[in-house]
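Okay, structure first, notes after.
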Amino acid sequence: MGTAGDSEKKPTVVFVLGGPGSGKGTQCAKIVEHFGYTHLSAGDLLRAEIRSGSENGTMIQNMIKEGKIVPSEVTIKLLQKAMQDSGNDKFLIDGFPRNEENRAAFEAVTKIEPAFVLFFDCPEEEMERRILSRNQGREDDNIETIRKRFKVFLESSLPVVEYYESKGKVRKVDAAKPIDEVFEVVKAIFTPKDEKVAV
Ligand SMILES: Nc1ncnc2c1ncn2[C@@H]1O[C@H](COP(=O)(O)OP(=O)(O)OP(=O)(O)O)[C@@H](O)[C@H]1O
Ligand SMILES: Nc1ccn([C@@H]2O[C@H](COP(=O)(O)O)[C@@H](O)[C@H]2O)c(=O)n1
Ligand SMILES: [Mg+2]
């Protein structure tokens, strides 16, 4: 991945946002299969950092348990390294930016603007149902932390979506539908205009 001032082409970045349990990871896996992007989940990178025994591990673990947002500096370093290591030039960045600090810091450090923001819109009751039946052993998938995550989403993450909406960059998808129906809509968003079949 290039840095500011490099002549090399900037990577394509799509931010994938939506409430906890809205289906970001599920849909990203399908986009990867069909469109050749590399999927980087900020939450997964933070969890891997805890497992690696890093000096930030305890801080990250405590913040995730509380549903709080880890300082941008930490998350952006992990994202940059994963982008470099991938060898790809197009990325789905899932669960980031989660607040205004994440957004501004990523832009300042990488000088990358997202191509667009894929936003999964889903009612809270449906997201809660999905998380409580997810069974992936996540320490934050308990009702107490889920409620905190919903609060952070409303107060800190939705304003980021609104910021990109004001720039005309948001592609909003109804995420309450079954997985394959959601993906039909997502597929149309990623399919280049000249490849779309007229009906
Ligand atoms: N459209 C859907 N309909 C029903 N269940 C779904 C749908 N999309 C995802 N799920 C299920 O809901 C759960 C949460 O999905 P997923 O992990 O993709 O959400 P997420 O947005 O990445 O959540 P988080 O923000 O907590 O990481 C998973 O068990 C997944 O299989
Ligand atoms: N930009 C981010 C993304 C995530 N976190 C922390 O990880 C938790 C889980 O994130 P998921 O996307 O996997 O649900 C999240 O609740 C935050 O605690 C973060 O700090 N910054
Ligand atoms: Mg996820």
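Which residues among region 95-128 fall inside the zone where the amide N is under 14 Å from a point 7 Å beyond the Cα of Ile189, along Cα→Cβ?
Only 95-97, 114-122 fall inside the zone, counting backbone N under 14 Å.
Extent of the chain along each principal axis, from alpha carbon coordinates, in Å, largest to smallest?
48, 42, 31
Counting only protein heavy atoms and using a 1.4 Å probe, what share of the accessible area of the chain belongs to carbon plus sulfur, as a whole percent? Mind dumping the intermediate values first?
Working: 5310 of 10680 Å².
Within the chain, the accessible surface is 50 percent carbon and sulfur.
Between region 4-56 and region 97-146, how many Å separate their Cα centres?
Between the Cα centres of region 4-56 and region 97-146 lies a distance of 11 Å.
Pull out the extension gain between Phe35 and Asp121, defined as 0.36 nm times the separation in residues minus the alpha carbon to alpha carbon distance; nm, one decimal. Please report the intermediate quantities before stating the final value.
Working: separation 86, 0.36 × 86 = 30.96 nm, distance 2.19 nm.
This chain segment gains 28.8 nm when fully extended.
Just the accessible area per residue of region 12-185, please: how many Å² with a 1.4 Å probe? Could you put the intermediate results ahead of the total?
Values: 8560 Å² over 174 residues.
For region 12-185, the per-residue accessible area is 49 Å².
To the nearest 0.05, what FRET efficiency results for Ser133 and Ala108 with a Förster distance of 35 Å applied to their C-beta separation? Intermediate results must be reported in sequence, preceding the final value.
On the way: r = 39 Å, r/R0 = 1.12.
The calculated FRET efficiency here is 0.35.
Report ³J(HN,Hα) in whole Hz for each residue of region 109-123, in order, from the Karplus equation J = 6.51 cos²θ - 1.76 cosθ + 1.60 where θ = phi - 60°; Gly and Pro get x.
Once rounded to whole Hz, the list reads 7, 9, 6, 9, 9, x, 4, 6, 10, 8, 10, 8, 9, 8, x.
For the chain, what is the percent of antiparallel DSSP beta bridges, rounded to the nearest 5? Please list the in-between numbers first.
Working: 0 of 19 bridges.
If we restrict to bridges inside the chain, about 0 percent are antiparallel.
The values are calculated or read from the model by the stated rules, or taken from the named source; none is laboratory data. Here the structure is a predicted model, which is why all the values come from computation and not from measurement. Ideal geometry is used to build each Cβ from the backbone, glycine not excepted, and the neighbour counts take in all protein chains shown. When the accessible area is computed, the model is the full protein with side chains, heavy atoms only, and any ligands, DNA or RNA have been set aside. Shrake-Rupley method; radii C 1.70, N 1.55, O 1.52, S 1.80 Å.
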